[in-house]
Protein chains: 2
Amino acid sequence: MSCVQASDVFELLRDGTPRTRAQLAEVTGLARSTIAARVDELLQLGLIAPTGGVSTGGRPPSLLSMNPRARVVAGVDVGATHVALVLGDLSGEILGEVSTAMDVAEGPEQVLAWVLEAVGTLLAAHGRSAGDLAAIGIGLPGPVEHSTGRAINPPIMPGWDRYDVPRRIHAEYAVPVLVDNDVNIMALGEQRARFRDVQDLIFVKVATGIGAGIISGGALQRGAQGTAGDLGHVRVGASQAACRCGNTGCLEAVAAGPALAAALTRAGVPATSGQDVVDLARAGDLTAVQVVRQAGRDLGEVLATMVNLMNPSVVVIGGRIAASGEHLLAGIREVVYQRSLPLATEHLRMVPSMVGQRAAVQGAVAMAVAHVLSPEQIELAVRRLAGA
Amino acid sequence: MSCVQASDVFELLRDGTPRTRAQLAEVTGLARSTIAARVDELLQLGLIAPTGGVSTGGRPPSLLSMNPRARVVAGVDVGATHVALVLGDLSGEILGEVSTAMDVAEGPEQVLAWVLEAVGTLLAAHGRSAGDLAAIGIGLPGPVEHSTGRAINPPIMPGWDRYDVPRRIHAEYAVPVLVDNDVNIMALGEQRARFRDVQDLIFVKVATGIGAGIISGGALQRGAQGTAGDLGHVRVGASQAACRCGNTGCLEAVAAGPALAAALTRAGVPATSGQDVVDLARAGDLTAVQVVRQAGRDLGEVLATMVNLMNPSVVVIGGRIAASGEHLLAGIREVVYQRSLPLATEHLRMVPSMVGQRAAVQGAVAMAVAHVLSPEQIELAVRRLAGA
């Protein structure tokens, strides 16, 4: 029965309103002795703190509230060619950040060595010790088995396949390590930053690969093996384009960065990467605009299916290719409104990602905080206190 | 704070283990007076009952447990050409049932008149009064706005568009009325009956129309407007078949009952309905088998996308066309294993619906019970007691 555990008392204080023990007893109907015990546990954990209350004799000050700076979490975004790390508090606020250019293909040892060093640097810069760190959330640019924190057959991450990320982190920090793929944490980050009241949101990342993070019924949906949201290998129309996955006609084979560069080159405008296509489209090159628009239509075909199947109220389009301006979104909208059911699109918002790469680190922090403040983790910490 | 409301005490007793007030106080840490008040409320609501306890003087008997027969719910499955109704208890057990052949196109007044009469008949047959009825769950064969209980633009239900189903029921029974589309309640019914531990399940109904009920992360996902699961109007390959929705190439236009009858007729075997095709396929007609198999492949194309996007662990295939034997499922499997990602299909089970139409009424009962026993409803009932 979790009803009157420390986590429940903490939930009451998460709204930020300071309360006395007597008020907590009154609101909950709990015996004063029960409240006193739970409050003591939370004080010992540092999750709540006295707030400007009046101390009466030897008793602790009477007003209590959540203490967002009690602990910190690290949020890490490992991209294909960069790593970014932020330190956040328990309310999700970002305290500081560092980032570097680094190819994920350099492998987990090198990337995580940088992460571990950066965590130490940021902790020190903010006057925090390793003991203040409560959890680390990490996003990786490939399929992740969330329950074990391992990447599974990641196409652009040589050396990472089934590599035990939490174990490497644990060599230096004995904290929970939450690993997920980048699009899932981006979906969380967008929801936390811009769409807190939205229960059904899809975040689509269009870059070297194409993937989606799905929030349905207010919760991130990872599916049975954590591969939910993989729209990159959905077949598009009658395309026979060969895909690196071994199939033909996959969305990635026609609408991801390398495919756009190839299409633009075939149309007589040399391009070596998706970034070239984006740059040319932003500069107004008509052929590049047409290539991006067609990519939007191809994306729109799969998104129309997603809209029919999931009926989201918000679809956020992000990733490097989405930076090409309105052309991609225009192509997407054209097909989604043509192919999705009117009832599903009547109130649908399709918008560009606003927080960009910040969506990833914000989502990584949100994932770490949600874990730290979950009733299960609070109870676990309380039991550790009792055992200590 | 719901922490120590009657619903919490009830949650403790739902496991079926009888407990005394003293045990409840001990387990929860609540003050004896709090427990006594909550228990009195639940006793007054009839949701818990004394169980063979020893009465001490004028005090009520001391052992308490959940009382599944305290109230009953009705579960209704309105199909295209039938209506079935069962009476269930609060544990979801079916107490009795009636059904009739009736075309949903006869309209809501006629269908609901039968339902209301059947509810009365079943209540009487089981010695129950109208006051014993706690809720009614209803599945309809078309899109439903779950929050208001209205069908929205249902294609095969003339007269039902935006018809206020709960209001009609309330003219005779002042109980909560939960309305959902038939595939959603079938998904719930299959999960309750066969896959209680499965968190990610898709139920696909293939009949005159094609639709799916989606359970992700353990919860039924209805989407923002309640239209989630509409795979009937997802485009299939390069098909240009005209669909009744106004678009071309929809799955329904190539793989639902009427499309199969038309395909079989074109192939030289006259068929007027999907049922004809099923009958012929079951009788071994090779052309009918080929038509059904191809429908399976077309379904498989959309299901491969659903498997990539949602990563379910179970896909259940039901509906009248699924009764054609293994041919439909074989076609589905062929394409899903070809087009879905290996990680998503490694542990995937694709199975025929076992409980058939019973999935619908069992799901309707489950939906009604979940509502009646939700903390919100118990608190509402308690507040009504207090106001009475």
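Bear in mind these aren't lab numbers, they're just calculated from the coordinates by the rules spelled out. In this text the structure is predicted, and so the values were computed from the model without any measurement. Counting neighbours? That spans all protein chains shown, and the Cβs are built from the backbone with ideal geometry, glycine included.
For this structure, a couple of remarks:
- Distance from the stretch B:220-266 to the stretch A:361-388 (C-alpha centre basis), Å: 46 Å
- The H on the amide N of B:GLY211, modeled in the peptide plane, is under 5 Å from the matching H of B:LYS205, each at least 5 residues off or on a different chain.
- Mean-square fluctuations from a GNM of chain A, with a 10 angstrom spring cutoff on Cα atoms, peak among A:ARG333, A:ARG358, A:ARG162 at A:ARG162.
- Per-residue HN-Hα couplings for the stretch B:293-307 [Karplus 6.51, -1.76, 1.60; θ = phi - 60°; Hz; x = Gly/Pro]: 4, 5, 4, x, 5, 5, 4, x, 4, 6, 5, 4, 5, 4, 5
- Peptide A:215-222 - average C-beta neighbours from other chains (10 Å radius): 5
- Using a 7 Å Cα-to-Cβ projection, B:ALA330 label spacings across copies, nm, ascending: 5.0
- Per residue, the average separation of C-alpha pairs within less than 8 Å and at least 6 apart gives chain A a relative contact order of 16 percent.
- Modelled FRET efficiency - R0 25 Å, A:GLU26 with B:ARG14, Cβ distances, 0.05 increments: 0.35
- Taking each DSSP H run with n ≥ 4 as -39500 (n - 2.57) and averaging over every residue of chain A yields -13000 deg cm²/dmol at 222 nm.
- Label spacing, shortest first and in nm, from A:LEU380 to its equivalents in the remaining copies (7 angstrom along Cα→Cβ): 3.7
- Nearest-ten-degree value, helix A:182-194 long axis tilted from longest Cα axis of chain A: 70 degrees
- Counting, for every residue in B:309-318, the Cβ atoms of other protein chains within 10 Å of its Cβ and taking the mean gives 5.
- In this label model, A:SER374 and B:HIS82 are separated by 4.3 nm, measuring between points 7 Å along each Cα→Cβ vector.
- A:ARG167 paired with B:ARG282, simple spin-label distance in nm, labels 7 Å along Cα-to-beta-carbon: 5.4 nm
- Chain B: angle of helix B:375-387 to the longest principal axis, Cα-based, in degrees nearest 10: 40 degrees
- Degrees, to the nearest 10: B:358-372 long Cα axis against longest axis of chain B: 40 degrees
- Euclidean distance of C-alpha centroids, the stretch B:146-197 and the stretch B:65-130, integer Å: 13 Å
- Sequence-distant residues sharing a close amide H with A:ALA135 (under 5 Å, placed H): A:ALA74
- Residues in the stretch B:28-38 carry Karplus couplings, in order, of 8, x, 6, 5, 3, 5, 5, 4, 4, 5, 5 Hz; the curve used is 6.51 cos²θ - 1.76 cosθ + 1.60 with θ = phi - 60°, and Gly or Pro positions show x.
- Per-residue HN-Hα couplings for the stretch B:226-236 [Karplus 6.51, -1.76, 1.60; θ = phi - 60°; Hz; x = Gly/Pro]: x, 9, 3, x, 7, 8, x, 10, 7, 6, 10
- Amide H contacts under 5 Å for B:THR51, placed H, 5+ residues apart: B:LEU63, B:LEU64, B:SER65
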